[in-house]
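The values are calculated or read from the model by the stated rules, or taken from the named source; none is laboratory data. Just so it is clear, the model here is predicted, and its values are computed rather than measured. Methodologically, a virtual Cβ is constructed for each residue, glycine included, from the backbone with ideal geometry; neighbour enumeration extends over all protein chains shown. Surface accessibility is based on the protein's heavy atoms, side chains included, excluding ligands, DNA and RNA. Shrake-Rupley method; radii C 1.70, N 1.55, O 1.52, S 1.80 Å.
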Amino acid sequence: MAPSRRLIGRSAVQTRHCVRTMGRRSLRGGADPTGLYTGPVTRRFFVRTYGCQMNEHDSERIAGLLVEEGMEPTDDLESADVVVLNTCCIRENADNKLYGHLQRLKTLKDDRPEVQIAVGGCLAQKDRDLVRERAPHVDVVFGTHNLAHAPELLTRAALEGPIVEILDEHEAYPSALPARREVDHSAWITIQIGCDNSCAFCIVPSVRGKEVSRRMGDIIHEIETLAADGVVEITLLGQNVNSYGRDLGAGQYRPQFGDLLRAVDAVDGIERIRFTSPHPKDLRAETIAAMAECRTVCEHLHLPLQSGSDRTLARMHRGYTAERYLERLAAARAAIPDLAVTTDIIVGFPGETDDDFERTLDVVTAAEYDAAYTFVFSPRPGTEAAEMFDDFVPADVVKERMSRLTELVERIGFAKHQARIGRVENVLVEGPSKKDPDVLSGRTRGHKLVHFRAEGLFPGDCADVRITSAASHFLRGEYIARTQAAPRRRVRIPVEVV
Ligand code: SF4
């Protein structure tokens, strides 16, 4: 089925704006003969998302649920009737940012007491009653396991007063709920929630619970529905995607992540499959083989390293050594030609010595990452690492290490970009470039951002583009031709992973 299309370029931006403006004014109910509206005004909601893709995905579900309730979205906070803050406690200073924002919302609530404020997500799950203690003007607090109840909780709060409802176990996968997606051609699918690991720096296991995999049939059914609706790119989401299925099918069929990749690859209309994030210790041969075989699985692996020091990795409880990590990466690269690899690295984990940090630089050099997300360690209350305060690394040392790491990562990434000049890349069009609406932006299969000029292309179209120049974080190219599908079907490659 043909997807609904949006024109690219300046006019498209204007069109979208007009639609939004009309949407804000649209009313439910009738008009009297004088033309004056007499029925109820549609309530408008504003959702602010903090944190990761998982949270953005949850926000799409919250928005979808509110739309189903007859509300409409707005990007104007001041005119919203319902404000939902979908919080994250993984990022630095998340609580300070949230409570600062809630303080500013108090003015809105003082001016318009009918406005409802809801706080959901990881920080709400962790802080529970504390949210209302620190911000008594909040109407609803809900957690990561019951976002499906958000509309009902808002209704109840309007009648009964403020509500805090936090569940300790999930009751529905976010993906199983209605969604209001930001883009038409691309969708995130939750395949698993929670995490069974215990990385010392991470709060996820305590706010998202144990790993629970979603049934493969449900995932495929949802992807088939999305494909029929014009979605061509799927990103499978989980905290540790390649341990998918471990908890499924007691004594019966227990699919592995590779089985899931193959099943998604077989869905008509899906042109690209991505996933995030795999855990290096669980990157097995079956996953690599499926990545190599499946036509639509992109040649991109985000494999979080966190540290290149075995001593630090052990203190983090990561479950692998630097050598093991590099062996698994080498196996993936051997099986999947032209594999782009990205990673996450923490600088200044408690107790990190100069020697530990040098080991991280060694692994970065050996791994030749296309890009790396680098983070300064910051203690998250409730984690093991937050208690290691005797070993915290001085800020000036961390700053100096971060600058050396960033310089190395950028140098390697830039060289990789330059090596692509002259090559033809298949690009999935995302829309007009943020800086110049007459230029298109899209992503290669290796997830590299490409800017190019072309007429008559729409978001979700694929095009071959010859790369003409490179910068650290993007490529430029010239349009060759529109293509229908992902370009190649791969052959089965035997993979060995130690
Ligand atoms: Fe957190 Fe580690 Fe689980 Fe990732 S694998 S979600 S870092 S505990």
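Among the residues making up the range 264-279, those that are surrounded by fewer than 23 Cβ atoms within 10 Å (Cβ to Cβ) and either without any contact (Cβ under 8 Å) to a residue 40 or more places away in the chain or in contact with a Pro (Cβ under 8 Å, 6 or more places away or on another chain) (or both) are Asp265, Ala266, Ser277, His279. Considering (1) part of a loop (DSSP other than H, G, I, E, B); (2) under 30 Å from Asn426 (Cβ atoms); (3) within 16 Å of the ligand (Cβ to nearest atom); (4) not hydrophobic (A, V, I, L, M, F, W, C), the lone condition that Gly230 does not fulfil carries the number (3).
Scanning the range 207-225 for residues that are β-branched (Val, Ile, Thr), touching a residue at least 24 places away in the same chain (Cβ under 8 Å) and over 11 Å from Ala263 (Cα atoms) turns up Val207, Val212.
Per the listing Arg380, Arg411, Arg420, Arg443, the residue uniquely in a strand (DSSP E or B), basic (Lys, Arg) and over 16 Å from Glu352 (Cβ atoms) is Arg443.
Regarding the range 292-299, can at least one residue be identified that is open to solvent by 60 Å² or more (accessible area, probe 1.4 Å) and either at pLDDT 95 or above or under 19 Å from the mean Cα position of the chain (by Cα) (or both)? No, the range 292-299 has no match at all. Looking only at residues in the range 479-498 that are surrounded by 12 or more Cβ atoms within 10 Å (Cβ to Cβ) and farther than 23 Å from Val183 by Cβ, the one that is modelled with the highest pLDDT is Ile480. Only one entry of Leu260, Leu248 meets the criterion of being open to solvent by 10 Å² or more (accessible area, probe 1.4 Å) and more than 16 Å from the ligand (Cβ to nearest atom), and that entry is Leu248.
Scanning the range 191-208 for residues that are outside any loop (DSSP other than H, G, I, E, B), more than 17 Å from the chain's Cα centre (by Cα) and within 9 Å of the ligand (Cβ to nearest atom) returns a single hit, Pro205. Taking Arg254 as the residue in question, decide whether it is in contact (Cβ under 8 Å) with a residue 12 or more places away in the chain and either part of a loop (DSSP other than H, G, I, E, B) or out of contact with any strand residue (DSSP E or B) (no Cβ under 7 Å at 6 or more places or on another chain) (or both). No: the conditions fail for Arg254. Applying the condition of being open to solvent by less than 10 Å² (accessible area, probe 1.4 Å) and more than 24 Å from the chain's Cα centre (by Cα) to the range 307-348 and asking which residue is nearest to the ligand (Cβ to nearest atom) yields Leu313. Kindly provide the set of residues from the range 263-290 that are over 20 Å from the mean Cα position of the chain (by Cα) and away from the ligand (no atom under 16 Å from the Cβ), ordered by number. Residues satisfying the conditions are Ala263, Asp265, Ala266, Val267, Asp268, Gly269, Ala285, Glu286, Ile288, Ala289, Ala290.
Within the range 349-361, the set of residues being open to solvent by less than 30 Å² (accessible area, probe 1.4 Å) and more than 16 Å from the ligand (Cβ to nearest atom) comprises Gly351, Glu352, Asp356, Phe357, Thr360, Leu361. If the condition is being crowded, with 21+ Cβ neighbours inside 10 Å and either under 13 Å from Lys210 (Cα atoms) or of a type in the set (A, V, I, L, M, F, W, C) (or both), then the range 225-239 contributes Leu226, Val231, Val232, Ile234, Leu236, Leu237, Gly238, Gln239.
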